[in-house]
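Reading through the structure tokens given below for one structure.
The values are calculated or read from the model by the stated rules, or taken from the named source; none is laboratory data. For clarity, every value in this text was computed on a predicted model and none was experimentally measured. With ideal geometry, Cβ positions are generated from the backbone for all residues, glycine too; neighbour counts draw on all protein chains shown.
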Amino acid sequence: AAAIAEARAEGIRERERIVAEGTVLIEAERAAAEAELRTHVEELAVRLAERILGEPVRQRSVD
């Protein structure tokens with residue numbers, strides 16, 4: 001019974017470690033995707049504004 005309880009506890013610890021690592025990885029990938037999308041949206045917005053205004057639009061850094 002003790003061996004089963006220890007194996008169960010080890011399994012729970014391993015599951016928690018895997019979930020924590022996955023959460024960190026997902027957050028990092030989400031942040032990278034968000035940054036990439038922000039760049040693309042910014043470029044599209046500038047191009048659209050230029051088409052609407054009929055003249056070049058000066059870009060500003062959005063940090």
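Just one of the listed residues (Thr23, Thr39) is at pLDDT below 95 and of a type in the set (Ser, Thr, Tyr), namely Thr39. Pairs are defined by a Cβ separation below 7 Å, a sequence spacing of at least 6 or placement on different chains, a first member in segment 1-20 that is among the basic types (Lys, Arg), and a second member that is assigned to a helix (DSSP H, G or I); no pair meets this definition.
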